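Here the structure is laid out as structure tokens; the discussion comes afterwards.
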Amino acid sequence: MKVPSEQLAKMIKCNQFPRSANYEPVWVVENQMGPNALWLMEWLCRDMDLKPRMRVLDMGCGKAISSVFLAREFGVQVFANDLWISASDNWKRICEAGVSDRVFPIHAESRSLPYAEGFFDAIVSVDSYHYYGTDDLYLAYFSKFVRPGGQIGIAVPGLMQDFDGEVPEHLIRKQKSGGVFWVEECWSIRTLDWWKNHWGHSAAMSIELGDSLPDGCRLWLQWERAIDAAGANIFPSDEEVLEADGGRFIGFHRLMARRKEVEPR
Ligand SMILES: C[S@@+](CC[C@H](N)C(=O)[O-])C[C@H]1O[C@@H](n2cnc3c(N)ncnc32)[C@H](O)[C@@H]1O
């Protein structure tokens, strides 16, 4: 780590996320896979009904730091499900974090989940659902795993407005870091209205909340600067694009829906 923990703590200090501030900054930075997973999970869970001992699926948990956060902050049992990161890799981190009695690592693909229908009291996902959940048929499959009355909440990178024609030049410009922000997989980054419409078709789920993170782009930039300074960015830096964007197009959305007690025919 190129900067000491205290300096990193100052760089990622953020009044909106007091719970996240209690986690060792070096641990958070070393285990990041993009935007700050703890900030996104704290934001998402602020309006979810999480109670101790609930069974929660953390879908696309990456290196499971959000799963550790859920177990510590809410006393819930967490199934830390990921594809790119192995269960053994996450189990090591979970044990080191002292939550091996409550967090269970699972390696599974989003379309072949090894859970019983209705098993979870809640499902959460940060910076992951857009990789598979834009499929029209996905929510009908995914929603079966939460019990009737249970919630699904996601926080995803989002478009603050649609493009009028071409992708804006600043998003596809090659940056000094060598990176280009808008790569092929960014086509699954959608507006809040798109997500509301997408989930609005569900027969099983009722949308309870959909909004955007205030100042999301600036927070992403603050985080990007910190991981760059620490030499921990696993991608070429996107500081330049986030600065140029200033929140015109890039930010974060969250969506929350509850499974209906009785599904209409
Ligand atoms: C950008 S990473 C974010 C990880 C973590 N949520 C975080 O914020 O640090 C996206 C995660 O989504 C997971 N993912 C992507 N496609 C998936 C799929 N088809 N099935 C299960 N997980 C998937 C990957 O394994 C990856 O860890």
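The rows are residues; the columns are (1) closer than 30 Å to Ile227 by Cα; (2) not small (Gly, Ala, Ser).
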residue: Ala140; (1), (2): no, no
residue: Lys144; (1), (2): no, yes
residue: Gly150; (1), (2): no, no
residue: Gly153; (1), (2): yes, no
residue: Gly158; (1), (2): yes, no
residue: Gly165; (1), (2): no, no
residue: Gly179; (1), (2): yes, no
residue: Val183; (1), (2): yes, yes
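Restricting to the stretch 130-140, and then to whatever is open to solvent by 30 Å² or more (accessible area, probe 1.4 Å) and either away from the ligand (no atom under 12 Å from the Cβ) or acidic (Asp, Glu) (or both), can you tell me which residue is nearest to Ser202 (Cα to Cα)?
Ala140
I'd like to verify a number: residues in the stretch 97-118 that are closer than 24 Å to Trp43 by Cα, assigned to a loop (DSSP other than H, G, I, E, B) and open to solvent by 10 Å² or more (accessible area, probe 1.4 Å), how many?
So the answer is 3.
Could you grab the pairs with beta carbons closer than 6 Å, sequence gap of 6+ or different chains, first residue in the stretch 107-118 and under 15 Å from Gly60 (Cα atoms) and of a type in the set (A, V, I, L, M), second one open to solvent by 60 Å² or more (accessible area, probe 1.4 Å) and within 13 Å of the ligand (Cβ to nearest atom)?
Filtered contacts from the stretch 107-118: Ala108/Pro114.
How many residues does the stretch 47-61 hold that are in a loop (DSSP other than H, G, I, E, B) and under 21 Å from Ser143 (Cα atoms)?
Within the stretch 47-61, the subset in a loop (DSSP other than H, G, I, E, B) is 47-54, 60-61.
Within this subset, residues satisfying the condition of being under 21 Å from Ser143 (Cα atoms) are 47-51, 53-54, 60-61.
So the answer is 9.
From the list Arg19, Arg55, which residue is of a type in the set (Lys, Arg), open to solvent by 20 Å² or more (accessible area, probe 1.4 Å) and within 16 Å of the ligand (Cβ to nearest atom)?
Going through Arg19, Arg55 in turn, just one is of a type in the set (Lys, Arg), open to solvent by 20 Å² or more (accessible area, probe 1.4 Å) and within 16 Å of the ligand (Cβ to nearest atom): Arg19.
Could you list, in sequence order, all residues of the stretch 86-96 that are over 18 Å from Gly34 (Cβ atoms), within 14 Å of the ligand (Cβ to nearest atom) and either assigned to a strand (DSSP E or B) or out of contact with any strand residue (DSSP E or B) (no Cβ under 7 Å at 6 or more places or on another chain) (or both)?
Across the stretch 86-96, there are no qualifying residues.
Could you run through the stretch 141-158 and say how many residues are in a helix (DSSP H, G or I) and either open to solvent by 30 Å² or more (accessible area, probe 1.4 Å) or within 15 Å of the ligand (Cβ to nearest atom) (or both)? If you could, list the steps in order and put the result at the bottom.
To start, the set of residues in the stretch 141-158 that are in a helix (DSSP H, G or I) comprises 141-145.
Cutting the leftovers down to either open to solvent by 30 Å² or more (accessible area, probe 1.4 Å) or within 15 Å of the ligand (Cβ to nearest atom) (or both) gives us 141-142, 144-145.
So the answer is 4.
Could you grab me the full set of residues in the stretch 215-265 that are farther than 27 Å from Gly118 by Cβ, part of a strand (DSSP E or B) and of a type in the set (D, E, K, R)?
none
What are the pairs, 6+ residues apart or on separate chains, where a residue within the stretch 65-85 that is part of a loop (DSSP other than H, G, I, E, B) and open to solvent by 10 Å² or more (accessible area, probe 1.4 Å) has its Cβ under 8 Å from a residue that is within 15 Å of the ligand (Cβ to nearest atom) and among the acidic types (Asp, Glu)?
Listed pairs, sorted by first residue: Leu83/Glu109.
Can you name the number of the only condition in (1) away from the ligand (no atom under 12 Å from the Cβ); (2) touching a Gly at 6+ places or on another chain (Cβ under 9 Å) that Gln77 fails?
So Gln77 meets the others, but not (2).
Give the number of residues within the stretch 163-198 that are within 16 Å of Ala244 (Cβ to Cβ), outside any helix (DSSP H, G or I) and under 19 Å from the mean Cα position of the chain (by Cα).
Of the residues in the stretch 163-198, 2 are within 16 Å of Ala244 (Cβ to Cβ), outside any helix (DSSP H, G or I) and under 19 Å from the mean Cα position of the chain (by Cα).
Per-residue answers, yes or no, for (1) of a type in the set (A, V, I, L, M); (2) within 16 Å of the ligand (Cβ to nearest atom); (3) open to solvent by less than 10 Å² (accessible area, probe 1.4 Å):
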residue: Trp27; (1), (2), (3): no, yes, no
residue: Ala37; (1), (2), (3): yes, yes, no
residue: Arg46; (1), (2), (3): no, no, no
residue: Leu50; (1), (2), (3): yes, no, no
residue: Lys63; (1), (2), (3): no, yes, no
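Six or more apart or on different chains, Cβ atoms under 7 Å: show the pairs whose first residue is in the stretch 37-62 and closer than 14 Å to Arg102 by Cα and whose second is within 8 Å of the ligand (Cβ to nearest atom).
Every condition considered, the pairs that remain are Leu57/Asn81; Asp58/Ser66; Asp58/Asn81.
The values are calculated or read from the model by the stated rules, or taken from the named source; none is laboratory data. Quantities reported herein were computed from a predicted structural model and do not represent experimental measurements. Neighbour counts run over all protein chains shown; Cβ positions are idealised from the backbone, glycine included. Surface areas here come from the heavy atoms of the whole protein model, side chains and all, with no ligands, DNA or RNA. Shrake-Rupley method; radii C 1.70, N 1.55, O 1.52, S 1.80 Å.
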